[in-house]
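Worksheet: the structure to be examined is printed underneath.
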Amino acid sequence: MRLAVIGVGSLGQHHARILASLPEARLVAVVDRDPAQAGAIGARHGVPGLTDHRDLPVDLDAVTVAVPTSQHAEVTRDCLARGLAVLVEKPMAATLDEAAAMTRAAERAGRPLRVGHTERFNPVVRAALDRVRDPRFIETHRLGVFTARSTDVDVVLDLMIHDLDVILSLVPSPVASIDSVGVHALTDKVDIANARIRFENGCVANVTASRISTDRVRKLRIFEDDSYVSVDYARQEGVAYRLKRTPGAAPEIVREALAVESEEPLLAELRAFARTVRGEAAPGVTAAEGERALSTALGIVEQIASGVRRAS
């Protein structure tokens, strides 16, 4: 299988690294608008480093797209029109109209379009999903130290959307309401945000994301009747607690570590994408799921914009 990576910056270069190592795939080119970056990553893997995705060779099977979000729609539609399968990084697009156009382009082309919500492939998330049946309350914290990367978008689209996608995959119910707040602290975009999401089935999710913290924290907690699952995305560790009731005895809390086999989530995602391109059944975030995560994230962004608070 012949693949190329379009956009080999801070994230895309890892796409190239992994695809170059997969026995079931062959990396044939990389693309980046920065000639020096394209050349450096291409030379690292022994493939051409191009500056325009329209110059990619004709005998490709698929591409991964890791360009800035504002370019996702154009690049993805161009590649689908060529008959290529596409994995586009999150967020799927800058607007819902763009995301819908990308979905229609995939349907016309009859080619797979997947969205790179990598946390779905985190082994501890997969282990937690096997345990969860009917979440009633979900809490997430995704805190990161400040870097110049992705400051062209709000923290909601940069970081929080990871957790939004996981939460939406856990709760099989439409969103009923959103109450959110955000702060411009260091950039002209929202750098820290909190959203309280209520679903029609009564489940509530409290989601916090920050890119100006002193510590790096990535935690997920899922509460159900008589059970609780705690997940550390970064450590790939999780613990399940349940209430054991025995007749004639006091209730007992039982603690059990989740069985997790450590794996790089991006590696698992790209392997699944390769299987999808081959026509095999494989996990992945569909275009429809990518649109839903984007719609929820943009709803939070719009609400914050209507009453944003600026740090003094």
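No value in this document is a laboratory result; all are computed from the given coordinates. Keep in mind that what you see is a predicted model, and the values were worked out from it rather than measured. No Cβ is skipped: glycine too gets one built from the backbone with ideal geometry, and neighbour counts run over all protein chains shown.
Some observations on this one:
- Toward the positive end of the charge dipole of segment 92-166, with +1 on the Cβ of Lys and Arg and -1 on the Cβ of Asp and Glu, the farthest Cα among 146, 110, 94 is that of 110.
- Extension gain for residue 187-residue 257 works out to 21.2 nm (0.36 nm per residue, less the C-alpha to C-alpha distance).
- Residue of 247, 174, 112 that the Gaussian network model of the chain assigns the largest fluctuation, springs spanning Cα pairs under 10 Å: 247
- Listed by chain and number, the lysines whose C-alpha is less than 28 Å from the C-alpha of residue 244, apart from same-chain residues fewer than 8 away, are 219.
- Model label points for residue 26 and residue 176, set 7 angstrom from Cα along the Cα-to-Cβ axis, are 5.5 nm apart.
- For 157, 60, 19, 96, order by how many other beta-carbon atoms lie within 10 Å, fewest first: 96, 60, 157, 19
- Relative counts (whole %) of C-alpha pair distances in the chain, using bins that are 20 Å wide: 31, 56, 12, 1
- Proximal aspartates and glutamates to residue 90, defined as alpha-carbon separation beneath 16 angstrom and excluding residues fewer than eight positions away on the same chain: 74, 98, 119, 152, 154, 158, 163, 165, 269, 289, 291
- The convex hull of the Cα atoms of segment 2-116, projected and averaged over all directions, covers 6.2 nm².
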